[in-house]
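Peer 1: Sending over a structure as structure tokens; questions will come in a sec.
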Amino acid sequence: MLMTGEYQREHALAYARRWALSRNPLFYNFTEVGGDCTNFVSQCVLAGCCVMNGTPDFGWYYRSADDRAPAFTGVEFFWDFFTGAPEFLQNNGGIGPYGREVGMREMQAADVVQLGREDGSFYHTLFVIDRTERELYVAAHSNDVYDRPLSSYNAPRVRYLHIEGVRFEVPLSQCFENLITGSALPAPF
């Protein structure tokens, strides 16, 4: 049974503060082999939800450098997983974090920004650590930054991803406890 929970933004932000300018040894550093930006942002989001989607090819997970979903480390695949692009749509309604494209005004700390080229392709993923009325401040890997103004990047295209929540599997024992204590009904199927 799937339940929906809150994305723990403070956990994601604490992770970004700790690891923006260094590397967590639990994860491979992809800086020299294509870039570490989406890997780092995925780690931040994971800290805020503690749930991965282990679906081969179309999920969002990391077990090792050789056993990971394209969406955990790839810019376009990350976007597709979180927003439910057609091939990822089933998984976007499944286990794991999910989000939607928004305008800059709807962005919050612990959301995600991607930078793109004029041809419509996107190449860099950034993690929002703070915002003011007119500026977002980001953290990123590859060229490691923390508290850098988004406006200091020179990118022809920018897209904004608001992380809305997380879906997770509730063990049957949890279902029974929720039901018998009167705290939650099972989700409809």
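Peer 1: What about Ala139, is it in a loop (DSSP other than H, G, I, E, B), under 20 Å from the mean Cα position of the chain (by Cα) and either modelled with pLDDT of 95 or more or farther than 15 Å from Ser42 by Cα (or both)?
Peer 2: Details: in a loop (DSSP other than H, G, I, E, B): no; under 20 Å from the mean Cα position of the chain (by Cα): yes; either modelled with pLDDT of 95 or more or farther than 15 Å from Ser42 by Cα (or both): yes.
No.
Peer 1: Right, something else. Give the number of residues within segment 116-140 that are out of contact with any Pro (no Cβ under 7 Å at 6 or more places or on another chain) and open to solvent by 80 Å² or more (accessible area, probe 1.4 Å).
Peer 2: Residues that pass the stated criteria total 4.
Peer 1: What is the residue count in segment 1-32 for residues that are open to solvent by less than 70 Å² (accessible area, probe 1.4 Å) and of a type in the set (Val, Ile, Thr)? Steps first, please.
Peer 2: Restricting attention to segment 1-32, the residues satisfying the condition of being open to solvent by less than 70 Å² (accessible area, probe 1.4 Å) are 1-3, 5, 7, 9, 12-16, 19-20, 22-24, 27, 29-31.
Applying the additional criterion that residues be of a type in the set (Val, Ile, Thr) yields 31.
Final tally of qualifying residues: 1.
Peer 1: Can you tell me which residue in segment 101-113 is farthest from Leu2 (Cα to Cα), limited to those that are under 11 Å from the mean Cα position of the chain (by Cα) and part of a strand (DSSP E or B)? Full working, then the answer.
Peer 2: Keep residues of segment 101-113 that are under 11 Å from the mean Cα position of the chain (by Cα), which gives 110-113.
Now narrow it down to the ones that are part of a strand (DSSP E or B): 112-113.
Details: Val112: 24, Val113: 28 Å.
Only one residue tops the list, namely Val113.
Peer 1: Which one of these does Leu150 not meet: (1) buried (at least 16 other Cβ atoms within 10 Å of the Cβ); (2) closer than 20 Å to Gly84 by Cα?
Peer 2: Unmet condition: (2).
Peer 1: Here is a check on your reading of the model: is Phe40 more than 19 Å from Val145 (Cα to Cα) and of a type in the set (Phe, Trp, Tyr)?
Peer 2: Numbers: more than 19 Å from Val145 (Cα to Cα): no; of a type in the set (Phe, Trp, Tyr): yes.
Against the criterion (more than 19 Å from Val145 (Cα to Cα) and of a type in the set (Phe, Trp, Tyr)), Phe40 does not qualify.
Peer 1: While we're on this one: Would you be able to tell me the number of residues in segment 38-80 that are among the charged types (D, E, K, R), touching a residue at least 12 places away in the same chain (Cβ under 8 Å) and under 13 Å from Leu26 (Cβ atoms)?
Peer 2: First, the residues of segment 38-80 that are among the charged types (D, E, K, R): 57, 63, 66-68, 76, 80.
Restricting the remaining residues to those that are touching a residue at least 12 places away in the same chain (Cβ under 8 Å) gives 57, 76.
Okay, now just the ones that are also under 13 Å from Leu26 (Cβ atoms), so none.
Residues that pass the stated criteria total 0.
Peer 1: May I ask you to list pairs of residues, at least six apart or on different chains, whose Cβ atoms are under 6 Å apart, with the first in segment 16-28 being more than 14 Å from Val138 (Cα to Cα) and of a type in the set (Lys, Arg) and the second being open to solvent by 70 Å² or more (accessible area, probe 1.4 Å) and modelled with pLDDT of 95 or more?
Peer 2: none
Peer 1: Is it true that some residue in segment 33-45 is crowded, with 21+ Cβ neighbours inside 10 Å and acidic (Asp, Glu)?
Peer 2: Filtering segment 33-45 for residues crowded, with 21+ Cβ neighbours inside 10 Å gives 36-45.
From the residues that got through so far, the ones that are acidic (Asp, Glu) too are 36.
Yes, segment 33-45 contains a residue that is crowded, with 21+ Cβ neighbours inside 10 Å and acidic (Asp, Glu).
The values are calculated or read from the model by the stated rules, or taken from the named source; none is laboratory data. Worth saying up front: this structure is predicted, and the values here are computed from it rather than measured. All Cβ positions, glycine included, derive from the backbone under ideal geometry; neighbour counts span all protein chains shown. To get the accessible areas, we keep the full protein, side chains included, count just its heavy atoms, and leave off ligands, DNA and RNA. Shrake-Rupley method; radii C 1.70, N 1.55, O 1.52, S 1.80 Å.
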